[in-house]
Every structure is written in structure tokens, then in C-alpha cells.
Amino acid sequence: MTAPADPSPASARRPLGVRIWSVAAVPLIVTVLSLLVGALVILFSELLVPGKPFDPLLPLTAYGALIQGSYGGFDAIVSTLVYTTPLVLGGLAVAFGFKAGLFNIGAQGQFLLGALGAVIVGVALADAPAPIAIVAAMTAGIVAGGIWGFIPGFLKAVSGAHEVVSTIMLNYVAVQLLAALVSGPLKVPRSPSPVTFSVGNASFPIVIGTTGHLGIILAILAAALVWWLLFRTTWGFEIRSVGVNPSAARYAGMRPRLITIATMTFSGCLAGLAGTCVLLGVSHSMTSSFGTTVGFDSIAVALLARSNPIGVLPAALLFGSMRAGAGLMQIDANIPVELVDVLQATILLFLVASPVLRRLLRLRGVQAGVTATGKTTALGGEVAR
Amino acid sequence: MDLGAFINGLYGIPVLGVILQAAGYLVAVIPPNAPNIMQQATPLALAALCGVLCERSGVVNIGIEGTMLASAFTAWVVGVVVQPFFGAPDSSGLFGITMPLLIALAAAILVAMAISTLHAWLSISLRADQIISGTIINIAAAGLTGYLNQLISRNSPAGAGEFARFVPPHGLTDLPVIGWIVAMFTNQGPISISVIFLVVGTQVWLFRSRWGLRTRAVGEHPRAAETVGIDVIRLRYRNVIVGGMFAGLAGAFLSIEATNSFQQNMTGGRGFIALAAMIMGRWTPIGSFGAALLFATFLQLGQLINIAPPSGELGSIMATVPPQLFDALPYILTIVILAGVVGRSIPPAADGQPYEREAAT
């Protein structure tokens, strides 16, 4: 689907600065352009809310508050890292799928299932010794996310049901499942609103500042692990081969169906870990409206990072800072936090249109944002053999 | 033995009894609720028509969900904005049609066409990945409408009202056996009533007209179509944009016919369910409409079971099931249909493949 070409031998010999520019130019330009569009949106939205004098500098106020909220002081930086953590893991999940030519839009549902698995085991082991409780709750979250990724992978492999539609449908099912369990068997008895008990000892320890939990370290480790898996193991080679050309991979003796199932399951595990981190590290209990924007954000992260596991880190940091600073922006500049969604959407639109961008800006030797490989299959596509 | 006692006897048999009770429940609740089921089916059927038009010409459009959402928002907002210019609404006419509503409807369709043009440009001209293009449209629509909705709803403005339902004469709806079917298709607002005509019209158009024949040719074998002089690129653009009009209608239905409001993400996955309906209907308009009715029945059943729970043994079984299961049923059904039917239904051969003209020699 998106199969960013590996650096050609010629480009590997060029100086490091040139190589970084060739990879990072499009994401950087796209981000700057989106901030400009965001500024226009802010100016335009002033017109929609009558009764106040028109302030041409409002975009600067808003972006200033956004930066203040995400990097103004130690606590703000730690909060940015906390917001970034699930985006790294979710971004890795989506990027990992892309490498095998699979588009996992189900990170949202797998995230919720991961949180659900973590809260079920975490509450049950709330009084157990912390290391045991944490490891068990984490495992449960990862497994639950993995199951939610296995289902679309399995369906794709055996019947050809397109993973895009089945994962989206599973997102909705996950919301209902979560609501049913939290307002049913998991609910604190006689509580006025549906909420679970706290996970107690299964909570992640704080490692940085007052809110920076263990998940921050886990996310960085996961990025390294995914990079190693993809580029240093046979399995990773097979995944990338299937992603580039399933038929050739099959003739080379690989089994695309198995790879599809394994990739989706592992992708689900990563997204499940993202949910686990938010639950054990931030919320510690679950309400029936436990929701997230991590699913959509992860797609943006993976696309911006060009599916590169290391690139996921800065891409996630970008969106993490936006999410972390959006609250202050709403208070200081009276701009709804949803502006972040607008920025994200414009970033994605510019990325897809990046061939045009490259032509307009006369960028040479720069890789496209999202490469068109022309391998979109019909939604009821044929079975990957 | 009279019939009632006989049926009660049948109900006493385990399993079979429950199945019979379920069938009896459906027979009892579906006819009186048929107009509501049609209300649920309307956006699904229109979105599925959009899918049929796109995919028959070889373009996969999973951005239908976002297109619907954007046009639902547009219809509502344009209604809010233009309403003050027309004074007190006179909604006593047929369908409660007022000028602001018509302008809102037109705006919704225009926005949907614009978004479809974007998708066409990305996927046909730039040959970008069509799934990614569609997904980005979905994300962008959710983000923009969410943001603008937050801004606008601060003043909690009143919308322009909604289209009224036509009330068919009692003589027709009280007819035995078919009365409820008449009510189902006629006790509706204008968009909903038009669905049946649009479905039949598209069916005829797709299989009986020159444009339809060319559409199918381009979707199956674009190279061959080009050889006989069909402009593949232009035809795909046209189909995607016309399909967008249907998605715009579906969106407008949600915000100015079914309700008079806009809620964040109010499409609730209908654009994707519609794609499953399209696949189940084997890429034909009438088949898609039938599938949309099936999904709509499931969507409506979830509410019915809460309002009018079945009695007897079936009722006691239902009571133990969490209500969220019924809300999840349409989505589960979509997955099952995708997984089960796909093997037997064959998409247009060139579906999802960008077309590149051969270099002129």
C-alpha cells in the first residue's frame, strides 16, 4: 500500500545531512504549510463567532499558547511526553501494518481492547505485589489488542474481507463491548455512574516528574524493537517483501496469508499496549465513555513518519505536543481543541498531494510523502494467496 | 384444537419455540415500524449508490463516510446562516419545503461534489492510494466539522427546520397485507421518497444506457475501453462526482430531514455499512438497496427491543443480553457479510486500480 522505497545504494553514499533532508523535507514542509492553513482557519473562524473585534494576530496568540502548553516548563514537557507515548505505540502499530501492505485503521478499537484487558486484570490484581500486577495487566492488554488485530487479519487471509472495513467495524464493536462491560460486570456496585475500580498496584510507576510514567520508556523500546524486527530479522524481511509484492513473495516461498495474520496480530498488540499505557499510566480506571483520538492520530503519525519505526518518534512527538498544548490554547485564545484535528487533516491532505508539492516547490532528490504504488484492491478483494 | 392453542403449543418446544417466537416478534413489530426502517435505510441506500457508481467505474471510495458527514454539517450550517434572510418560515406546503431548506440541500450536494472531486483528483490524476485518499477525507471531514461545530454551537443557533414527512391517505395505508408497504415508502420526507426512484433509475441507467455500459467497461477493462475510444479518465471523474451527489443527499438527509440538528460524527459508520451493503448487493443498485433494508432492520431492531421488548421465553432470554449487543449487531453483521459473501461476489475487475494512459507513439 504505502511502500516507501528503501534508500537506494546511491543515496546511501551521500552525506548524512543530504540524506536526512531527502527523507525529512516533505514532512517538514507539509507541517509548516499546515500551520499556515491552520492560521487561516483561525482567522476565518473569527468571522463565524460574531460580537468580538477582529484580531489579526489571533493565530499567533493561539500557536504561542500551543507551544507554551506543550514546552513551557518541565511539567509541560513531561505532559507532552505522556501524550506522545500512546501515539508512538499506535503509530508503530499502523506503520507495521503498512510495511506488509495492510492498512490497520483498527488501532482505535485495539487501543480500547488493550485498555479493557489491562483494567480487567489490573483490578483483579489491584492488591497483588506491584511487579506481578503490572506485568500481568500489561500482558492482558497486549493480548486483548492482539486478538482485536487477529480477527481482521484472519478474515482477510481466509476470505479476502478488506481489513479497512472490518477494522473500522471492529472499532464500533469495541466501543459497545467496552460500554457493556463497564456498565455491567466491571461496574463499581452502587456507583451512580458506570466506572470500574482503580487498578491499584498495577499502576505504572512514575519515572519522570509528577506524571511521566513507565510507558514513556516502553514506547521508545517498542520503536527500537519494531525497527529491529523489520530490518534485522527474517520475519521482517518477509513482511516487507509481502508488502512490496505479494506474488513475488509467494514464489520465493513465503506465505503471504500467514504473514497477513501475524502482522495484523502484532499490530494489534502494539495498539493494545498503547491502550494499556494510557490506562495503567494515566487514567487508572475506566468509565463507559472511555474514548480516545489515538486511533486516527496513529494513522497520521504513521503516514507522516513514512512508516519508518524511528520516524514514528518525531512524528508522534509533533502530534503529542499539539494534544498537550491544545488545552492552554483553548483557554488563552478561545480556540476549540479540535483545531488539532484540523491541523492533522491538513497535514494528511498535503502529504497525499505531495507529488504536486514537489513539482511546485521544485524539490529534487526528495522522497514523496505517500508513494502511490497502485496496489489498492477492491474492498471485496480477492484472497491474498 | 384452535390455532392459538396450537401456536402456544409450538412455542412450548425449546429452541424451536424461541425461534418461532423471534419470527413472531419480527412479524409483529416490523410492519408498524416499516417507515422507521426506511428512514434508517435511506442514508445507507444513497451511500451505497455512491459506492456503486464509483466502483463500477473502477474507483474505490471509502471516503463516503466523511463526504456524508461534511454534507450533513453543510446542510445544517447553511440552513442556520440563510434562514434569517427569509423571515418566518412557511412550512405548511408539501414536505414542509422552504427556501432555506432548498438552499441547504443544494449546498450539501455541492460540498459533496467538491469532496468527491478531490478524491477523484487524488486517486485518478495523482494515482495516489485510493484507500489512503478516502481515509484522509474521513479524517479531514471529522476534524473540520468537529472544529467548526464547536465554534458555531457556542451560540446554540436554531437550524432551518427539517423536511416534513408526507402523510399518505388512510385508505391506502389501511389496506390489508400491503398497506404497511405503502406507508413504508410514502410516509416519508422528500429525500427518502426519492430513494426508490433513484435506485431504480440508477439500475436502469447502469444496465440499459450508453453511459452505464461504458462505466462497466471502464471498471472491468479500462485498456480495452480506451481502445474503442472511451475517455477513461473523464468517465471516472464523472462517475465519482455524480456518486458524490448521492452521498451529499445522504448527508443532508441526516441533518435536515431525519433530524434538525448536527452532532459530531453523526454518520456513525453508515458510510462503511453502505459499502458492505454494496458488496452484498453485488455492485447493483437494487441489490444494494435490498441489503441496505436488511441493515436498516438491524439498526432499528436495536431500538425496538429497548422500546417494545418481546415477551415470553424470548423476552427472558433477551433480558439477560446487554443492550449494547444490539447496538453492535449492524457492525458485526457487516463484518460477517464482508467475510462470508466476498468469496462469492466478484468486484469489477479494475476496481481500485489507477489507470495510466499508454504513451502515444
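Any read-out appearing in this document is the output of simple, stated calculations on the displayed coordinates, not a laboratory observation. None of the values given here were measured: they were computed from a predicted structure. Note that we place each Cβ from the backbone using ideal geometry, even for glycine, and neighbour counts take in every protein chain shown.
If you average over every viewing direction, what projected area does the convex hull of the Cα atoms of segment B:45-267 give, in nm²? Spell out each step's value before the answer.
Working: hull surface 56.7 nm².
Answer in nm², one decimal: 14.2.
Run the numbers for residue A:282 and residue A:47: contour at 0.36 nm per residue of separation, minus the present Cα-Cα distance, in nm.
Details: separation 235, 0.36 × 235 = 84.60 nm, distance 3.76 nm.
Roughly 80.8 nm would be gained on extension.
For the residues A:231, B:163, B:253, what sequence is obtained by ranking on other C-beta atoms within 10 Å, fewest first? Present the calculation step by step, with values, prior to reporting the outcome.
Values: A:231 15, B:163 26, B:253 30.
If I rank by nearby Cβ atoms, fewest first, I get A:231, B:163, B:253.
Between segment A:268-306 and segment B:11-89, what is the C-alpha centre distance in whole Å?
The distance from the Cα centre of segment A:268-306 to that of segment B:11-89 comes to 30 Å.
With r as the distance between the Cβ atoms of residue B:332 and residue B:207 and R0 = 45 Å, compute the FRET efficiency 1/(1 + (r/R0)^6) and round to 0.05. Spell out each step's value before the answer.
Details: r = 32 Å, r/R0 = 0.72.
About 0.90, to the nearest 0.05.
Regarding segment B:260-319, what whole-number volume in Å³ per residue does the convex hull of its Cα atoms give? Display every interim value, and only then the final one.
On the way: hull volume 7.9 nm³, N = 60.
Cα convex hull per residue, to the nearest whole number: 132 Å³.
When the dipole is taken about the Cα centre of segment A:9-360, and only Lys, Arg (+1) and Asp, Glu (-1) are charged at their Cβ, what size is it in debye, to the nearest 20? Intermediate results must be reported in sequence, preceding the final value.
Working: 17 positive and 10 negative charges, 257 e Å.
Taking the Cα centre of segment A:9-360 as origin, the dipole is about 1240 debye.
Taking the Cα centre of each part, how many Å lie between segment B:151-198 and segment A:115-150?
For segment B:151-198 versus segment A:115-150, the Cα centre distance is 49 Å.
Run the quick spin-label model on residue B:221 and residue B:317: label points 7 Å from Cα toward the beta carbon, then report their separation in nm to one decimal.
5.1
What are the ³J(HN,Hα) values, in whole Hz, obtained from phi via the Karplus relation 6.51 cos²θ - 1.76 cosθ + 1.60 with θ = phi - 60°, for each residue of segment A:263-270 in sequence order, with x given for Gly and Pro?
My calculation for segment A:263-270 gives 5, 5, 5, 5, 4, x, 4, 5 Hz in order.
If you wrap segment A:9-360's Cα atoms in a convex hull and average its projection over all directions, what's the area in nm²? All intermediate terms of the calculation are to be shown ahead of the outcome.
Numbers: hull surface 84.8 nm².
Quarter of the Cα hull surface area: 21.2 nm².
List the residues whose amide H sits under 5 Å from the amide H of residue A:212, counting only those 5 or more places along or on another chain, with H placed 1.01 Å from N in the peptide plane.
A:207
Any chance you could list P(r) for the protein assembly as shown, counting all Cα-Cα pairs in 20 angstrom bins from zero, rounded to whole %?
Each 20 Å bin holds this share of Cα pairs: 16, 49, 31, 4, 0.
For residue B:346 paired with residue B:154, estimate the spin-label separation in nm (one decimal), with each label point 7 Å from Cα along the Cα-to-Cβ line.
It works out to 5.8 nm between the two label points.
Could you give the angle, 0 to 90 degrees to the nearest 10, between helix B:190-208's Cα long axis and the longest principal axis of the Cα atoms of chain B?
Computed tilt is about 60 degrees.
Beyond 12 Å, what share of the Cα-Cα pairs of segment A:245-288 is found? Please give it as a whole percent.
Details: 651 of 946 pairs.
Above the 12 Å cut-off, segment A:245-288 has 69 percent of its Cα pairs.
Using a Förster distance of 41 angstrom, determine the FRET efficiency expected from the C-beta separation of residue B:26 and residue B:200, and round it to 0.05.
Numbers: r = 27 Å, r/R0 = 0.65.
Here the calculated transfer efficiency is 0.95.
Taking neighbour Cβ counts within 10 Å as the exposure measure, how do A:190, B:208, B:270, B:214 sort from fewest upward?
Lowest to highest Cβ neighbour count: A:190, B:208, B:214, B:270.
Mind sorting A:187, A:52 by how few other Cβ atoms lie within 10 Å of their own Cβ, fewest first? Could you put the intermediate results ahead of the total?
On the way: A:187 17, A:52 9.
Neighbour counts put them in this order, fewest first: A:52, A:187.
If you fit an axis through the alpha-carbon atoms of helix B:285-307 and take the longest principal axis of the Cα set of chain B, what angle between them do you get, 0 to 90°, nearest 10?
For B:285-307 against chain B, the angle is about 40 degrees.
Assuming R0 = 35 Å, can you tell me the calculated FRET efficiency for the pair residue A:188 and residue A:225, based on Cβ-Cβ distance, to the nearest 0.05?
Values: r = 36 Å, r/R0 = 1.04.
Efficiency at R0 = 35 Å is approximately 0.45.
Would you mind calculating the relative contact order of chain B from Cα pairs under 8 angstrom and at least 6 residues apart, reporting the percent as a whole number? Could you put the intermediate results ahead of the total?
Working: 582 pairs, mean separation 116.6, N = 361.
Reported as a whole number, the value is 32 percent.
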